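Some notes on the structure that comes next.
The values are calculated or read from the model by the stated rules, or taken from the named source; none is laboratory data. None of these values were measured; they are calculated from a predicted model. So basically every Cβ, Gly included, is an ideal-geometry build from the backbone, and we count neighbours across all protein chains shown.
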Amino acid sequence: MSGLHHHLQEYSVQRQHKAMKKNKSLIQFIKFGIVGVSNTFLTAGVIWVFLKGFHCSDYVSNLIGYIIGLINSFIWNRKWTFESKTKLSVTVFKFIVTFAISYLFQLANLYVLLHYTHIDPYLCQLMSIVVYTCINFGLNKYYTFKN
């Protein structure tokens, strides 16, 4: 009987461990969402200021907005969302690679929207932010801040 009891305890511990990992991922996703939403407002606001206020091109405004957002996102996601203890230089490198991949997909989407639709350029920017965010979460979770 003790063998069965041992297996049941082991099974229970395994289930609890899986549930904790799911909860951790859910909490990380929620935190990433909070950082992402605030970062989206920051990025969109910077793009708007440079696009409408300083009359910069779509692409210059986009790049400046994303650079500001990149710095903000790195700080918050490293310390708060993923609580990364990985060496800073390694994390920065991975974060920049992740950013570059996400940004290029976003930029390609922006190009298509600007050149092949009649959608307002600012709305094209916002739609491209969604593309960036989806790709960026997956890469940050499973590559940049993977512990």
Problem set entry | Filter pass, Asn72 being polar (S, T, N, Q) and buried (at least 18 other Cβ atoms within 10 Å of the Cβ) | no
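Is it the case that some residue within region 114-126 is touching a residue at least 12 places away in the same chain (Cβ under 8 Å), under 22 Å from Ile34 (Cβ atoms) and not hydrophobic (A, V, I, L, M, F, W, C)? Full working, then the answer.
Restricting attention to region 114-126, the residues satisfying the condition of being touching a residue at least 12 places away in the same chain (Cβ under 8 Å) are 114, 121-122, 124-126.
Now drop any that are not under 22 Å from Ile34 (Cβ atoms), which leaves 125-126.
In the following step, the residues that additionally are not hydrophobic (A, V, I, L, M, F, W, C) were identified as 125.
Within region 114-126, one or more residues are touching a residue at least 12 places away in the same chain (Cβ under 8 Å), under 22 Å from Ile34 (Cβ atoms) and not hydrophobic (A, V, I, L, M, F, W, C).
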For this session: Name the single residue, out of those in region 127-139 being modelled with pLDDT of 90 or more and of a type outside the set (Gly, Ala, Ser), that is farthest from Ile30 (Cα to Cα).
Result: Met127
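I'd like to check something: does region 76-90 contain any residue that is in a helix (DSSP H, G or I), more than 15 Å from Ile129 (Cα to Cα) and touching a Leu at 6+ places or on another chain (Cβ under 9 Å)?
Kept after step one, since they are in a helix (DSSP H, G or I), are these residues of region 76-90: 76-81, 88-90.
With the extra rule that they be more than 15 Å from Ile129 (Cα to Cα), the set shrinks to 76-81, 88-90.
Imposing the further condition that a residue be touching a Leu at 6+ places or on another chain (Cβ under 9 Å) reduces the set to 78.
Yes, some residue in region 76-90 is in a helix (DSSP H, G or I), more than 15 Å from Ile129 (Cα to Cα) and touching a Leu at 6+ places or on another chain (Cβ under 9 Å).
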For this session: Might you let me know whether region 64-77 holds any residue that is over 30 Å from Ser25 (Cβ atoms) and free of Cβ contacts under 8 Å to residues at least 60 places away in the same chain?
Result: yes
For this session: Could you list all residues from region 109-134 that are over 15 Å from Ser57 (Cα atoms), of a type in the set (Phe, Trp, Tyr) and surrounded by fewer than 15 Cβ atoms within 10 Å (Cβ to Cβ)?
Result: Tyr116
For this session: Might you let me know whether region 28-46 holds any residue that is small (Gly, Ala, Ser), more than 22 Å from Ile71 (Cβ to Cβ) and either modelled with pLDDT of 65 or more or assigned to a helix (DSSP H, G or I) (or both)?
Result: no
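From the list Tyr66, Tyr59, pick out the single residue that is surrounded by fewer than 19 Cβ atoms within 10 Å (Cβ to Cβ), in a helix (DSSP H, G or I) and at negative phi. Even if it seems obvious, please write down each step before you answer.
On the way: Tyr66 fails: surrounded by fewer than 19 Cβ atoms within 10 Å (Cβ to Cβ).
Of Tyr66, Tyr59, the one residue that is surrounded by fewer than 19 Cβ atoms within 10 Å (Cβ to Cβ), in a helix (DSSP H, G or I) and at negative phi is Tyr59.
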Exercise. Just a yes or no: is a residue in region 91-108 surrounded by 14 or more Cβ atoms within 10 Å (Cβ to Cβ), not charged (D, E, K, R) and not in a helix (DSSP H, G or I)?
Worked result: no
